[in-house]
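To keep things clear, I will list the structure first and then write my remarks on it.
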Amino acid sequence: MKPLDSLERVVEWLGPRDDFVIASHADPDGDSLGSSLALAMGLEQVGKRSTVVIGQPLPRRYRWLPGSSRVVSVERIPTDTRASILVECSEFGRSGVLGLDTLESLNIDHHTKNGMYAEVNWIDPSAAATGMMVRDLTDALGAEVTAPMATLLYVAVLTDTGSFHHSNTDARAMAFASDMLARGANASEIAEQVYGDYPAARIHLMGDALSSLKRMAAGRIAFMYLPFSAFERRGTRDTEAFVNHAQGIDGVQVSLLFKEVDPGVLRISLRSDGSVDVAEVASHHGGGGHPRAAGCQIEGAFEQVGDRLLNEVHEVLEEGIGG
Ligand code: 5GP
Ligand code: MN
């Protein structure tokens, strides 16, 4: 395995370069977008240009983010791009944007499973959010955390800690959040934007997911399933945090949400209380994530894929390994 690079190496790599494309992962979340946009603003302060690209339209709940007009939805990177910075992205393929692998690249991530695919790979799984790494980087470059950047970085840590619920909510994450509030982020306004402005369609889709809930292994595993028809009927794809309702049930140690995002294509969200390393399970199927929150994509019908994956999780749980 390639050795991890340091922040100093990142600063050294950025030094002579001044034009970048910043990409994150498909289905961008608060950390990937907050980190990308804050990094773009920090780079701008020190005279470096960048474009933030994603492979799909900007999710509705993040359209209000400061600087969101910088985000360009593209299938492939612009041809004049020289260097890429990937944040929160385990491999080029997960970015959802084509052409990134043809450039000189920097990889900034806090996930445990990362393909170390770039020229410089700065990975810190002890950071609750990639946004915290971005702040260290913009500091090292000599940029100020402005109020819009504080808002973006607060969104990053808020969403990646599950509103300060998850096991990554440590003293460092809280001190970081506090510092972002001191620098101009407004906690209640941000919470309202991110969690208080849902379209009714999302709540109906959540109802579909909840009514599919089943438990197995004496209640230690819970799972839900949304068929493609549910997404079509409700007209939304937003399932963020649905799986937490299954994970929150008394006695549940591992939970899964199976989403048929295209006919015959299942995206699976996995959560664990720590007794199973779900990033490890997801990585057997080309996915990844964190030990307690991971995802993967598997082709096939739920009836077969679901059975197989549930049995696999059950076996790992019984063996009591992987935590
Ligand atoms: P979610 O279930 O909320 O979509 O994802 C949970 C965690 O797993 C997030 O950190 C997310 O980035 C990661 N994740 C989800 N799907 C994949 C995937 O297909 N590949 C990798 N490497 N990580 C994933
Ligand atoms: Mn993250």
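The values are calculated or read from the model by the stated rules, or taken from the named source; none is laboratory data. Everything quoted here is computed from the prediction, not taken from an experiment. Here Cβ is always computed from backbone atoms with ideal geometry, including for glycine, and neighbour counts include all displayed protein chains. For accessibility, only protein heavy atoms count, side chains too; no ligands or nucleic acids. Shrake-Rupley method; radii C 1.70, N 1.55, O 1.52, S 1.80 Å.
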For this session: Using only Cα atoms, find the angle between the long axis of helix 171-182 and the longest principal axis of the chain, and express it within 0 to 90 degrees, rounded to the nearest 10.
Result: 60
Problem set entry | Helix 302-319 vs. the chain, principal-axis angle (Cα, 0 to 90°, nearest 10) | 80
Exercise. Any idea what the alpha-carbon Rg over 2.2 N^0.38 Å comes to for the range 265-323?
Worked result: 1.03
Problem set entry | Contact order normalised by residue count of the range 91-233, Cα under 8 Å, 6+ apart, percent | 14
Problem set entry | residue 290 accessible area, 1.4 Å probe, all protein chains in place, Å² to nearest 10 | 50
Seminar exercise, completed: Excluding ligands, DNA and RNA, the carbon-plus-sulfur percentage of the accessible area of the range 171-323 with a 1.4 Å probe reads 50
For this session: Assign unit charges at the C-beta atoms only (+1 for Lys and Arg, -1 for Asp and Glu), then state the dipole size of the range 77-193 relative to its Cα centre in Debye, rounded to the nearest 20.
Result: 120
Seminar exercise, completed: In nanometres, the difference between 0.36 nm per residue of separation and the alpha-carbon distance of residue 312 and residue 75 is 81.9 nm
Exercise. List the trypsin sites (Lys or Arg not before Pro) in the range 60-156 that DSSP assigns to loop (not H, G, I, E or B) and whose Cβ has at most 13 other Cβ atoms within 10 Å. Which are they?
Worked result: 63, 82
For this session: Beta carbons within 10 angstrom, averaged per residue: use that to sort the peptides 16-29, 221-234, 167-180, highest first.
Result: 16-29, 221-234, 167-180
Problem set entry | Cα pair count fraction exceeding 18 Å, expressed as % - the range 1-151 | 51
Exercise. What translational D, rounded to a whole number of µm²/s, comes out for the range 200-322 from Stokes-Einstein when the hydrodynamic radius is the Kirkwood one over Cα pairs, at 20 °C and 1.002 mPa s?
Worked result: 151
For this session: Taking the convex hull of the Cα atoms, report for the chain its projected area averaged over all directions, in nm².
Result: 15.9
Exercise. How large is ³J(HN,Hα) for each residue in the range 188-203, as worked out from phi by the Karplus curve 6.51 cos²θ - 1.76 cosθ + 1.60 (θ = phi - 60°), to whole Hz, x for Gly and Pro?
Worked result: 6, 5, 5, 4, 5, 5, 7, 10, x, 9, 7, x, 4, 4, 5, 5
Seminar exercise, completed: In order over the range 80-92: 3J(HN,Hα) from phi, Karplus 6.51/-1.76/1.60, θ = phi - 60°, whole Hz, x for each Gly or Pro, gives 8, 6, 9, 9, 10, 10, 10, 10, 6, 10, 6, 6, 3
Exercise. What is the helix-to-structure angle for 30-45, meaning the angle in degrees between its Cα long axis and the longest Cα principal axis of the chain, kept from 0 to 90 and rounded to the nearest 10?
Worked result: 0
